[in-house]
Amino acid sequence: MLSLSTNAVAAKARSIYGGRLKQEDYEELLKKRTVGEVAAYLRQSTPYKEVLAEVRENAIHRGQLEHLLRKDFFFRCQRLARYAGGKQQEFYRFCVRKDEIDVILNRIRMLNSELYEEFAGDLPLYLEKYVRFDLLKLMKCNNFDELLSVLEHTGYDEVLKPFKPVNAKQKINYVGCERALNQYYYSWLFETIKKSFSGKTRKELLTIFESEVELANISKIYRYKKFFETDAKEILSSLTQTNQRMSANFLRRLAEAKDDQELLRILANSSYHMLVDDAEYVFIEYYADKIKYHLSHRYMRFSTSAPLVFTTFVVTQNLEIENLINIIEGVRYGVPAESIEKMLIY
């Protein structure tokens, strides 16, 4: 029998999911010509009316609107997580853990470019009460040693220590830091799933996150092949290797492909053939996200497991936010509606 807390998580997640943006909403949004018009429609006709209640449509800019949407998404997830049973609470922190890593990586990028003011403007201060380090101190870090000091006792400091530059002039190895932090995150996540759940729930949660790792790796290899001349060894060293079903040999074949076209031909003859469009060998990340969406949609409809429903809620809601950001960015920069529409997943 499902517990009251389990019922609450699943019921509330499905309720919010039921109010998601529909095709007619996207059709109306694609008609808008300014960011203010997009904000007005979201405030008047969608579940985003509350978070946008105080928005002045003629004054809001792209960055502010995106920030408000991400903030709303974060707190939706946190409100749902409060209903989880005590022994499962650690698992429900996976959203916060991912945000922690995103903020750390953003700071590392800024340290490499010295764009400190840009980081301060992008800092999601709404995370302050949830993350395990001081966000404001992170904002003020001017070098790698200060970064490690802020992250002390979180585990992230130990992960990042091997990447300390040998001198002040050397750039931080961002790719190495990204891979190590992602490896750490998924190791923690898979171990938490195995400790917190059993049976079908454990198996299905592992399937979702293993697929996430695999699709992220495929997308990363594709980017390297499409836009950079990167050798196979460097590509492989950038991938997350934790708990995935894809064999090391298959990953090596992808990394050793001579270009993006050969990579897609290899994928077309594998279980990932659905990533390849018959007409055009582009937008592989779109197809990866589409796979995640349809997998999550199926679990959302049919699963009775609260952690699974919560996880699929996170995936589908995050993709909705990405849809809105694509629309906002497209409108801001005058991208034709039909081009924006091709990027939407729903």
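Does G19 meet the test of being surrounded by fewer than 17 Cβ atoms within 10 Å (Cβ to Cβ) and in contact with a Pro (Cβ under 8 Å, 6 or more places away or on another chain)? Yes: the conditions hold for G19.
Beta carbons closer than 8 Å, at least 6 apart along the sequence or on distinct chains, pair a first residue in region 15-35 that is charged (D, E, K, R) with a second that is surrounded by fewer than 16 Cβ atoms within 10 Å (Cβ to Cβ) and not in a helix (DSSP H, G or I) for R20/Y346; K22/Y346.
Restricting the first member to region 320-346 and to residues that are more than 19 Å from H61 (Cα to Cα), and the second to residues that are among the acidic types (D, E) and surrounded by 15 or more Cβ atoms within 10 Å (Cβ to Cβ), the beta-carbon pairs closer than 6 Å and six or more apart or on different chains are I345/D289. Taking helices (runs of 4 or more DSSP H) as the structural unit, those lying wholly within region 70-175 and holding at least 2 residues that are at pLDDT below 95 correspond to 94-113, 116-122, 135-140.
The values are calculated or read from the model by the stated rules, or taken from the named source; none is laboratory data. As the structure is a computational prediction, the values presented were derived from the model and not from experiment. Counting neighbours? That spans all protein chains shown, and the Cβs are built from the backbone with ideal geometry, glycine included.
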